[in-house]
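The values are calculated or read from the model by the stated rules, or taken from the named source; none is laboratory data. Predicted model, so just to flag it, every value in this text is computed and none were measured. Virtual Cβ from ideal backbone geometry, glycine too; neighbours counted across all protein chains shown.
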Amino acid sequence: MPRAHSDPSMKHCILNRWLLTVAMLSMSAFVHAAQSDAVRSPRAEVRLVSAQDAAAPAATLGLALHFRLQPGWHIYWMNPGDAGQAPRIEVFAPEGARVGDVRWPAPERHVDGPVTTYIHQGDVLLPFELVLPSAMQRGAELAVKASWLVCKDICIPEEGAFRLALPPGNDRPGSDAPMFAATEAAAPVALDSRWQASVDARGVLILEGPGAGALQSAEFFAADWGRIDHAAPQTLTTSGDIARVTLAPGAEFDAARALEGVLRIRDADGVERALWVSTPGERTVRAPAVSLALAGTEPPVTGAMAPPAAAAGEGPWWPLLLAFAGGVLLNLMPCVFPVLAIKALSFARVGASERTVVRRQSIAYCIGVVASFVVLAAVLLALRSAGSELGWGFQFQSPVFVSAMAVLLFAVGLNLSGVFQFGSRLASAGSTLTERGGLSGSFFTGVLAVVVATPCTAPFMGGAIAAALAAPALHTLAIFTALGVGMALPYLLLAFMPGLARRMPRPGLWMERLKQALAFPMYGAAAWLVWVLSQQSGADGVLHGMVALLLVAFAAWLTGVAQGAADHAGLWRAGALVVLVAGGVAIARTPGEVIGPQVVADNAFTPQRLAELRASGTPVFVNMTAAWCVTCLMNEKVALSTDAVQAAFAARGVIYLKGDWTRADPDITRFLQAHGRDGVPLYVYFPSGGAPVVLPQILTPRVVIDHIAS
Amino acid sequence: MKQNALLGAGLMACAMIMPVAQAAPRVGDAAPAFTAVDSNGRSVKLSDFAGRTVVMEWTNHGCPYVQKWYSGGMQALQKEATGKGAVWLTVLSSAPGTQGHVDGASANRMMKEQGAAPTHYLLDPDGKVGRAYGAQVTPHMYVIAPDGRLAYMGGIDSIASPDVNDIPKAEPLARLAIDAVLVGKPVAKAQTRPYGCSIKYAN
């Protein structure tokens, strides 16, 4: 999206942008053939990668978890040291496959007061091998579930599921092979056969071999906990062909057993290397970090956390039906209502004319609705593959979009109020589109209906969209199309069923009155959007929005004058155009996020707070909301903030947490995804010690109280 | 590395200033004596509990490994141990401004919310008690026998994970140690791997 915006030549060509979207979609599927989607957190970005771009039967694949850690954050080595935990990887592979353990890179020492840990930071590749079965056809479908602890000052356990599909073919090196080669080149190597390692009873690690006496530095990392004191200083002494590294024995030190680990050395030439050292004796058996999933276990759904089993029901048709039902219900949502009003008005206007006109306009409206959903789905998919964390309704997180919507609705209101008319010669900005007569007017009314409806995800719709976003691109498009058809259907019915059409009112003076009255929901909607803007961009954002509204009102008045003027109409119109452009500039320059201290409410949702409360056995009610979501605000008004519900919360000791998604918040996006949703509202009740319960998207006090009482 | 070297130098300087050099105690040693203030503002000395079994638990309510155990397991263990006559000391060594640091009133409120039942909740913001015992992680567990010797130090159980579902699968190392000490038997596994988050000590 930002790329498309920054290229001015693209702005005028919708077709080009559409093609770009399609190209991005197909390219993303092509270029990342040997990489899974990333699991992202503010701390780490993790992928499953393959050294090969294709899979052949009986081939040995080089796989790896690729961590890109934010500065200061780290994960842990096979022996994490005094604290922490090594990552764990579970592989879902074709039956008969075998896995090797992680080939651990050499760790770094991390000292934090009396706590010494062995860590990895920055860009880390944890490679492991997968041997494919010889009885295997048509490429490999791999899934991997992994969990890791990522720490900085604090520690966060994270987990993710990854999928990788490799097409059939020779297992020649793929595009990520160089990354694997670089990791392998730096990996610890076994001691040269001319060298010998041993450890004495006091914990001195002795290396004998040519050049051992010339080591400049050596630092030992034990592969198992307790064998050495991780924090104790180590000293290197050399004589002849012998190097001695003095270690402090740990709680489980035993000179008779093998001491294994990595020795980081700087040799006589100043070259740094990592050696794998193993002294004679019985070796410790360790649990591998990589394991094969039990046969018959279902591979996980990809993403940061496994969402609960499919939105509802099974089968490919079920999400489509849900999406269709959600689309029909969208017509009843409060955000769609003002647009319905416009449409009812335009139907009333053509009521007297021929039925075929109504039919054709309804079809145009339907196409407008469906086309908008398809475009939204395509853009959403493109942005998702471009790496942004997005969800349904995200466009309302952009202050520029909110500002433009306020202006659009305000301009429609001014038109309804009669400040200006839409003349046949006036062909310009988007606000005129919905009121334009004929097929294109109906088409753009459909477009507007969809744009305004997005923040109000009706019941079923959240689940359907989440299912769509987890599905392949084609499936996603199908689901969005079903949503669109559902939303447009009532109009088609109205047009094609004579019984319904005949009930439509006849034209008369009442139409003018109705039209004027309908301006007020428009002004109301614009006022609401300015309030949303105040949450996103603060006072400066409101100022920009108000200036834009003022300029649009001025432009509308100038246009109205031009329309009534006997002469100099062109001059008035030119003036209107100039003012309109100034209004556009005001919108485009709407400031972004508020800079400065943000007030964090006591009951603000954070994953940490939720985890703390749950850990303490406190029941928690989570409300995910946004200022631009009317359904959310209505639910808060009629259900959550009522005395009955508040009293029920208090009586049962339920802590109420509110997540505000008015602006983009990755923690909330992840919480929504974890519950199979991509938009707000979302209400989840976490009973003390029980499984979380997702509440319906339309609340009544009864619904809430029943859920927390059960 | 440079930072580590600086930190090391700083620690050495601290160690030289401290009147007593502190090495982590070993199982069988006399448990280091201490005096600390509890969440109710009372001064608590280890010697107050001479002749009794003392359990020490290092905590930090923001740590996922502590949260795992405070989903019910820790509270149950506290009640069981104190019910059999042991003294349970929950110790908070998070320095002010770091994760888990709370004042006495917040600690009391949290314990009430969680249904925690230690004998005392000790506030150790300067980390003196934690460093004396060589406590490294939360939850790090210690059991002191009635004779004042350290009988157990290590993990709360055998599976190092933040997953609450692992509790029933793990060997309950701390519980086994507490039960053994309470009946005067030797602890089979007296020193085990402690796991969890590093303690957020004052530097």
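Is there a residue in the stretch A:167-179 that is outside the structural domain of A:GLY261 (by TED's automatic domain parsing), within 23 Å of B:SER198 (Cα to Cα) and surrounded by 16 or more Cβ atoms within 10 Å (Cβ to Cβ)?
For the stretch A:167-179, residues outside the structural domain of A:GLY261 (by TED's automatic domain parsing), within 23 Å of B:SER198 (Cα to Cα) and surrounded by 16 or more Cβ atoms within 10 Å (Cβ to Cβ): absent.
Restricting attention to the stretch A:76-86, which residues are facing another protein chain (nearest Cβ under 8 Å) and either among the charged types (D, E, K, R) or touching an Asp or Glu at 6+ places or on another chain (Cβ under 9 Å) (or both)?
Result: A:ASP82, A:ALA83.
Table: residues versus (1) at pLDDT 90 or above; (2) closer than 30 Å to A:ASP123 by Cβ; (3) surrounded by fewer than 17 Cβ atoms within 10 Å (Cβ to Cβ).
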{"residue": "A:ASP192", "(1), (2), (3)": "no, yes, yes"}
{"residue": "A:ARG202", "(1), (2), (3)": "yes, no, yes"}
{"residue": "A:ARG227", "(1), (2), (3)": "yes, yes, no"}
{"residue": "A:PRO233", "(1), (2), (3)": "yes, yes, yes"}
{"residue": "A:THR246", "(1), (2), (3)": "yes, no, yes"}
{"residue": "A:VAL262", "(1), (2), (3)": "yes, yes, no"}
{"residue": "A:PRO280", "(1), (2), (3)": "yes, no, yes"}
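Please indicate, with yes or no, whether at least one residue in the stretch A:87-104 is within 14 Å of another protein chain (Cβ to nearest Cβ), outside any strand (DSSP E or B) and under 27 Å from the mean Cα position of the chain (by Cα).
yes
Just wondering, is there one or more residues in the stretch A:216-223 that are within 14 Å of chain B (Cβ to nearest Cβ), closer than 27 Å to A:HIS110 by Cβ and modelled with pLDDT under 90?
Checked against the condition, which is being within 14 Å of chain B (Cβ to nearest Cβ), closer than 27 Å to A:HIS110 by Cβ and modelled with pLDDT under 90, the stretch A:216-223 yields no hits at all.
Yes or no: A:ILE705 closer than 21 Å to B:GLN67 by Cβ and part of a helix (DSSP H, G or I)?
no
Checking B:PRO25 against (1) within 26 Å of B:PRO172 (Cβ to Cβ); (2) touching a His at 6+ places or on another chain (Cβ under 6 Å); (3) in contact (Cβ under 8 Å) with a residue 60 or more places away in the chain, which test does it fail?
(2)
Return the total of residues in the stretch B:90-103 being surrounded by fewer than 16 Cβ atoms within 10 Å (Cβ to Cβ) and away from every other protein chain (no Cβ under 11 Å).
The qualifying residues number 2.
Of the residues that sit in the stretch B:90-129 and are free of Cβ contacts under 8 Å to residues at least 40 places away in the same chain and in contact with a Phe, Trp or Tyr (Cβ under 8 Å, 6 or more places away or on another chain), which one is farthest from B:VAL54 (Cα to Cα)?
B:LEU92
So which strands (runs of 3 or more DSSP E) are wholly in the stretch A:122-225 and hold at least 3 residues that are within 30 Å of B:HIS61 (Cα to Cα)?
Once the strands (runs of 3 or more DSSP E) in the stretch A:122-225 are filtered for at least 3 residues that are within 30 Å of B:HIS61 (Cα to Cα), what remains is A:140-151, A:155-166.
How many residues, within the stretch B:108-144, are surrounded by fewer than 24 Cβ atoms within 10 Å (Cβ to Cβ), within 8 Å of chain A (Cβ to nearest Cβ) and either closer than 16 Å to B:MET74 by Cβ or touching a strand residue (DSSP E or B) at 6+ places or on another chain (Cβ under 9 Å) (or both)?
5
From the list A:VAL645, A:VAL622, pick out the single residue that is closer than 30 Å to A:PHE401 by Cα and not in a loop (DSSP other than H, G, I, E, B).
Only one candidate qualifies: A:VAL622.
Select, from A:GLY560, A:GLY564, the only residue that is of a type outside the set (Val, Ile, Thr) and either at pLDDT below 75 or surrounded by fewer than 18 Cβ atoms within 10 Å (Cβ to Cβ) (or both).
Only one candidate passes the filter, namely A:GLY564.
Scanning the stretch B:33-65 for residues that are surrounded by fewer than 18 Cβ atoms within 10 Å (Cβ to Cβ) and within 20 Å of B:ARG175 (Cα to Cα), which turns out farthest from the other protein chains (Cβ to nearest Cβ)?
Restricting to residues being surrounded by fewer than 18 Cβ atoms within 10 Å (Cβ to Cβ) and within 20 Å of B:ARG175 (Cα to Cα), the top hit is B:GLY51.
Does B:GLY196 count as among the small types (Gly, Ala, Ser), within 12 Å of chain A (Cβ to nearest Cβ), closer than 20 Å to B:GLN78 by Cα and more than 17 Å from the chain's Cα centre (by Cα)?
The answer is no for B:GLY196.
Scan the stretch B:172-193 for residues that are charged (D, E, K, R) and within 14 Å of chain A (Cβ to nearest Cβ) and jot them down.
B:LYS189, B:ARG193
Would you point out which residue out of A:THR117, A:THR60 is touching a residue at least 24 places away in the same chain (Cβ under 8 Å), polar (S, T, N, Q) and more than 11 Å from chain B (Cβ to nearest Cβ)?
Selected residue: A:THR60, the only one of A:THR117, A:THR60 that is touching a residue at least 24 places away in the same chain (Cβ under 8 Å), polar (S, T, N, Q) and more than 11 Å from chain B (Cβ to nearest Cβ).
Just for the stretch B:66-89: of the residues that are more than 19 Å from B:LEU176 (Cβ to Cβ) and in contact (Cβ under 8 Å) with a residue 60 or more places away in the chain, which one is nearest to the other protein chains (Cβ to nearest Cβ)?
Ranking the qualifying residues of the stretch B:66-89, first place goes to B:GLN67.
Out of curiosity, is A:ALA201 of a type outside the set (Val, Ile, Thr) and in contact with a Leu (Cβ under 6 Å, 6 or more places away or on another chain)?
no
Only one of (1) farther than 20 Å from B:PRO162 by Cα; (2) at pLDDT below 90 fails for A:LYS152. Which number is that?
(1)
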